[in-house]
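The values are calculated or read from the model by the stated rules, or taken from the named source; none is laboratory data. What you are looking at is a predicted structure, and each value in this text was computed from that prediction instead of being measured. Positions of Cβ are generated from backbone atoms using ideal geometry, with glycine treated the same way; all protein chains shown enter the neighbour counts. Only protein heavy atoms, including side chains, enter the accessible area calculation; ligands, DNA and RNA are left aside. Shrake-Rupley method; radii C 1.70, N 1.55, O 1.52, S 1.80 Å.
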Amino acid sequence: MSDLCCAVCLAPRFNNDPHSLPCGHTYCGACCGRLLAAPEGPQQRKCPQCKTPIAPDVTEIKHDEALLTQMLGKRDELHRSMEYTGPKSKREQFRGAVHGLSYFDQMRTIEDNDDNIAFAGHFNTRSGSLFVLAHMNVNENELYVRSSMAAKVPAARRAVIWELLARLNFGMKVGFFVLDQDDGELVYKSNVYLHGLTISTEFIDNLVDWNLIVQGEFHEAFMMLMYGGISAEAAYAIAMKEMPPDDAAIAEPEVDRAKLSPLAVGIGVAGLAALTFAWLRIRR
């Protein structure tokens with residue numbers, strides 16, 4: 001595990017917002033905020049690593065500007081060391097860029113041959129565990145980064161998830177969501193065609209960060225739609241941070257097909273018979 005990650009949420013580079021406790025251990029600003037607001041009260045607040053108590057009168061943990069400057073300096077130095085400096089192939093650029101990531105120790109090589117090269121890893125976020133894959137198709141000169149949740153969409157909820165994805169994808173400027181209809185894997189994917197581009201560590205880092213951000217933004221909406229029984233319309237409102245519609249719109253209508261009236265069934269059968277008769281006349 002990189003020493004430039006928050007030890008609580010594993011955010012790379014502390015989300016560029018490091019805060020250091022009096023004991024010297026550093027966490028991202030969000031985790032420090034939750035630590036100070038511990039429900040068990042000020043008397044029980046402790047450093048998650050060394051268990052040093054935090055004084056009850058401490059109401060703010062200051063931003064560690066010196067550490068941020070040091071981290072960004074190391075990152076920039078690392079990026080410069082991985083910059084394209086000669087006639088390297090795109091495969092070599094991609095491999096070098098991924099190896100330069102500050103969280104490369106969380107990733108592993110999935111594939112590395114003449115046609116494809118891919119690296120993958122699991123990232124623990126506040127939204128749960130995400131599997132991230134960075135893949136380059138050498139022949140197509142295409143790079144994509146995809147991320148997927150550990151939870152699979154239940155078969156009974158895949159239709160409404162598709163409806164939500166259609167709404168979300170319509171407004172996407174970068175990347176798109178896709179659902180594997182066979183196993184319920186929910187994936188966010190962003191593609192880049194590499195003609196005329198140089199692949200750097202910062203370039204890959206931005207693609208991975210964007211995937212994690214998008215998955216995190218819509219995680220609540222996905223979970224509510226998968227397990228909360230709400231409608232795609234209500235989930236979309238949650239995803240867009242809007243007020244959900246009224247209760248009648250949130251509830252998914254349930255149809256008891258055993259209680260369909262004989263009249264409704266008769267009308268349906270009569271309509272089908274009429275359409276069949278008309279088609280036969282046309283065929284003649």
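The sole residue among HIS122, HIS135 that is in a strand (DSSP E or B) and open to solvent by 40 Å² or more (accessible area, probe 1.4 Å) is HIS122. Taking the residues in the range 139-165 that are among the aliphatic types (A, V, I, L, M) and surrounded by fewer than 18 Cβ atoms within 10 Å (Cβ to Cβ) as candidates, determine which candidate is farthest from LEU207 (Cα to Cα). My answer is ALA156. Within the bounds of the range 233-243, is there any residue that is assigned to a helix (DSSP H, G or I) and either at pLDDT below 50 or exposed (fewer than 12 other Cβ atoms within 10 Å of the Cβ) (or both)? The answer is no, given that none of the residues of the range 233-243 is assigned to a helix (DSSP H, G or I) and either at pLDDT below 50 or exposed (fewer than 12 other Cβ atoms within 10 Å of the Cβ) (or both). Checked against (1) at pLDDT below 80; (2) open to solvent by less than 70 Å² (accessible area, probe 1.4 Å); (3) within 30 Å of LEU143 (Cα to Cα); (4) in a loop (DSSP other than H, G, I, E, B), ALA38 passes all but a single condition, namely (3).
Select, from PRO53, PRO87, the only residue that is modelled with pLDDT under 80 and either surrounded by fewer than 18 Cβ atoms within 10 Å (Cβ to Cβ) or of a type outside the set (D, E, K, R) (or both).
Details: PRO53 fails: modelled with pLDDT under 80.
Every option except PRO87 fails the conditions.
Which residues, taken from the range 185-230, are open to solvent by less than 50 Å² (accessible area, probe 1.4 Å) and of a type in the set (Gly, Ala, Ser)? Result: SER190, SER200, GLY216, ALA221, GLY228, GLY229.
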